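Structure, as C-alpha cells:
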Amino acid sequence: MVDFGTAVKLGFQRYVDFSGRSTRAEYWWWGLFAVVVGSALIIADTLTGNSFTFGRLGGLLETPFTLATIIPSLALGVRRLHDINRTGWWLLLWFVLVIGWIVLIVWATERGDKGPNKYGPDPRQPTSQQP
C-alpha cells in the first residue's frame, strides 16, 4: 500500500513516465499533495502581495510549483488510467466540461485490474521490477 510520502516520492521519481500503472492510493495521495501545497502557496502569495507576479498565470510561489507538478500529474493520470486498462488518451476528457470530469473522477476511484494487463504488471503485487 502506498502512503502519502511514498506517493509524493514516486510522483517525482516517475516524473515523465507515461508507461506502466499506478494505484488509486498513489493517484489520490499525489492529488492531496498538489492541492494542499498549491493552496498554501496561493495563500502565501496573497499574504506577501505576490498574487499576480505573473499576471493571470499566478503568484511568485504558486506558479513555479504548478509548472513543476503539471507533467508528473499528467503522467500519473495516464498511469492511473492504465491501471484500469484504459489508454492515457482518455485524459483529454478534462476538456469536456463537467461530464468529462465526472467520468475521469469515477474512473480514478475504480479498483485497478487484478494481475497484469496490457500496460504492465499489477502495481499492488510485489515484484522485483517495482520502483
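The values are calculated or read from the model by the stated rules, or taken from the named source; none is laboratory data. All of these numbers come straight from a predicted model, not from anything done at the bench. Please note: Cβ atoms are built from the backbone with ideal geometry, for glycine as well, and neighbour counts cover all protein chains shown. Areas reflect the complete protein model, heavy atoms only, side chains present, ligands, DNA and RNA absent. Shrake-Rupley method; radii C 1.70, N 1.55, O 1.52, S 1.80 Å.
A few remarks follow.
- The dipole here belongs to the chain: it is taken about the Cα centre, uses +1 on the Cβ of Lys and Arg and -1 on the Cβ of Asp and Glu, and is about 340 debye.
- Solvent accessible area, Å² - Tyr27, 1.4 Å probe, full protein context: 50 Å²
- Portion, in percent, of the accessible area of the stretch 1-47 that falls on carbon or sulfur, probe 1.4 Å: 73 percent
- Relative contact order computed over the chain (Cα-Cα under 8 Å; 6+ residues apart), in percent: 29 percent
- With each label modelled as a point 7 angstrom along the Cα→C-beta vector, the Phe52-Phe12 pair spans 3.3 nm.
- Calculated from backbone phi, Karplus (6.51, -1.76, 1.60) coupling profile of the stretch 35-43 in Hz, x at Gly/Pro: 5, 5, 5, x, 5, 4, 6, 5, 4
- Average accessible surface for the stretch 1-42: 56 Å² per residue, computed with a 1.4 Å probe over protein heavy atoms with every protein chain in place.
- Read-out mean projected area of the Cα convex hull in nm², derived from the coordinates shown; its label in (1) 8.4; (2) 8.0; (3) 12.6: (1)
- Taken as Cα centroids, the stretch 78-126 and the stretch 1-27 sit 14 Å apart, rounded to the nearest whole angstrom.
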